[in-house]
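The values are calculated or read from the model by the stated rules, or taken from the named source; none is laboratory data. Here the structure is a predicted model, which is why all the values come from computation and not from measurement. Cβ sites come from the backbone with ideal geometry, for glycine too, and all protein chains shown count toward neighbours.
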Amino acid sequence: MSVNEIRWNPLLREWIIVSSGRERRPWRPKGYCPFCPGTEETGFGWEVLVLENRFPALTQRPRISRKSKSIYKVRPGYGYCKVLVETTEHEGDLCDLSITQLVKVINTFAEEYETLGRDPRIKCVMEFRNKGEAIGVSLTHPHSQIYALPFIPTRIRRELKSAKLFNKRKGKCIFCHILELELEEKERVIYENSSFVTFIPFFAMWPLEVHIYPRRHIQAISQLNQHEKVDLAKCLKITTYAYNRIFEQDMPYIMVFHQAPTDGKDYSFYHFHVEFYPILRDKGKLKYAAGIEWGAGTFTYDGLPESNATKLRRVIAKELSNQNLEV
Ligand code: ZN
Ligand code: ZN
Ligand code: FE
């Protein structure tokens, strides 16, 4: 029997998910893809598919290995770990999907957020995508992941705290204000349409870090209307396309959706957005989170976000005018 528990770090005041079953996880199995159509798990007749993670970090029947002791808190690792298979095609990135297919993916994210969020024990639904061997992706078939957590993770908690404080002091949304600042300066904006703005934030940590904010103040993907879903699909397609062109190399990246927690409290001060952390800083060169980044929690940004934004904006303009990139 495997163990699924969460352990409290009393120094950093955050949870760590501990699971003993994941050690057996296969690394890039040869010649067999569990996400292609027609396997035992996948079957046929689908366009987008949600599967249970076969090696879940969190489960609905968690077993703990020990009891809490003083500040060493242990809780059951209750939750859901799912895989969203984005296409029947075995290879590719988000930019290889059509806008129609991307909207289907976005709809599935919205449905899962709502369904999993309704479980009273789930406090936060994290939806994200890891891409590339360098990020540790064990299967190349295009897919995202969904983790439904029994707690609010650190990054979301910190954003909520800032948003709440800003709202109290200034009477408005901190994300709406960031949008205003980015649109005023325009220097870091790489693409915008009627519903979304795509930019390298003023405070980027990764060289080509991109954030996508909806212009409308909403808290989750499920609140997007049809037109906005199409506009978000365009932003996702354009961003990933530009990533893979800028160094003429496939870009390994992490994409994450930041949405309001689902613990039933009021988060109307929060603002849904997407964040991309690409890990290449140049062709063939990785940016590492090393001593100063991991050891201190302080990122160093080599170069200027503004000049990297100019580079990305140029790639996008060129590809759009060549009609290599159709949105
Ligand atoms: Zn496949
Ligand atoms: Zn807002
Ligand atoms: Fe965020």
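Table for the structure above
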| item | result |
| --- | --- |
| Test for Ile6: is it loosely packed, with under 13 Cβ neighbours inside 10 Å, under 27 Å from Lys131 (Cβ atoms) and either under 21 Å from the mean Cα position of the chain (by Cα) or hydrophobic (A, V, I, L, M, F, W, C) (or both) | no |
| Residue match in region 268-284 (condition: away from ligand 1 (no atom under 16 Å from the Cβ) and without any contact (Cβ under 8 Å) to a residue 12 or more places away in the chain) | no |
| Strands (runs of 3 or more DSSP E) wholly inside region 43-141 containing at least 3 residues that are more than 15 Å from the chain's Cα centre (by Cα) | 49-52, 74-76 |
| Tabulated pairs, region 16-40, first over 18 Å from Glu86 (Cα atoms) and part of a strand (DSSP E or B), second at pLDDT below 70 and away from ligand 1 (no atom under 12 Å from the Cβ), C-beta under 6 angstrom, 6+ apart or interchain | none |
| Test result for Gln259, polar (S, T, N, Q) and buried (at least 21 other Cβ atoms within 10 Å of the Cβ) | yes |
| Options Tyr241, Tyr288, Tyr253; residue that is in contact with a helix residue (DSSP H, G or I) (Cβ under 8 Å, 6 or more places away or on another chain), away from ligand 2 (no atom under 15 Å from the Cβ), over 25 Å from Leu149 (Cα atoms) and not acidic (Asp, Glu) | Tyr241 |
| Residue match in region 133-153 (condition: within 16 Å of ligand 2 (Cβ to nearest atom), under 23 Å from Leu12 (Cβ atoms), surrounded by 17 or more Cβ atoms within 10 Å (Cβ to Cβ) and touching a residue at least 40 places away in the same chain (Cβ under 8 Å)) | no |
| Members of region 269-301 that are charged (D, E, K, R), in a loop (DSSP other than H, G, I, E, B) and at pLDDT 90 or above | Lys283 |
| All positions within region 161-208 that are assigned to a helix (DSSP H, G or I), within 13 Å of ligand 2 (Cβ to nearest atom), surrounded by fewer than 19 Cβ atoms within 10 Å (Cβ to Cβ) and not aliphatic (A, V, I, L, M) | Ser162, Lys164, Phe166, Asn167, Lys170, Cys176, His177, Glu180 |
| Residue ID - surrounded by the fewest Cβ atoms within 10 Å (Cβ to Cβ), chosen from residues in region 47-60 that are modelled with pLDDT under 95 and among the charged types (D, E, K, R) | Glu52 |
| Matching residues in region 188-240 - criterion: being over 27 Å from Gly297 (Cβ atoms), of a type in the set (Ser, Thr, Tyr) and within 17 Å of the chain's Cα centre (by Cα) | Ser222, Thr240 |
| Lys69 more than 16 Å from ligand 1 (Cβ to nearest atom), within 26 Å of Val3 (Cβ to Cβ) and without any contact (Cβ under 8 Å) to a residue 60 or more places away in the chain | yes |
| Number of the exception - Lys168 against (1) within 14 Å of ligand 3 (Cβ to nearest atom); (2) without any contact (Cβ under 8 Å) to a residue 12 or more places away in the chain | (1) |
| Test result for Leu280, surrounded by fewer than 20 Cβ atoms within 10 Å (Cβ to Cβ) and more than 18 Å from Ala148 (Cβ to Cβ) | no |
| Residue in region 90-104 that is touching an Asp or Glu at 6+ places or on another chain (Cβ under 8 Å), touching a residue at least 40 places away in the same chain (Cβ under 8 Å) and acidic (Asp, Glu) present | yes |
| Candidates Ala233, Ala317 - the one that is more than 16 Å from ligand 2 (Cβ to nearest atom), over 30 Å from Lys164 (Cβ atoms), free of Cβ contacts under 8 Å to residues at least 12 places away in the same chain and assigned to a helix (DSSP H, G or I) | Ala317 |
| Test for His227: is it away from ligand 2 (no atom under 16 Å from the Cβ), surrounded by fewer than 20 Cβ atoms within 10 Å (Cβ to Cβ) and either assigned to a strand (DSSP E or B) or of a type outside the set (Val, Ile, Thr) (or both) | yes |
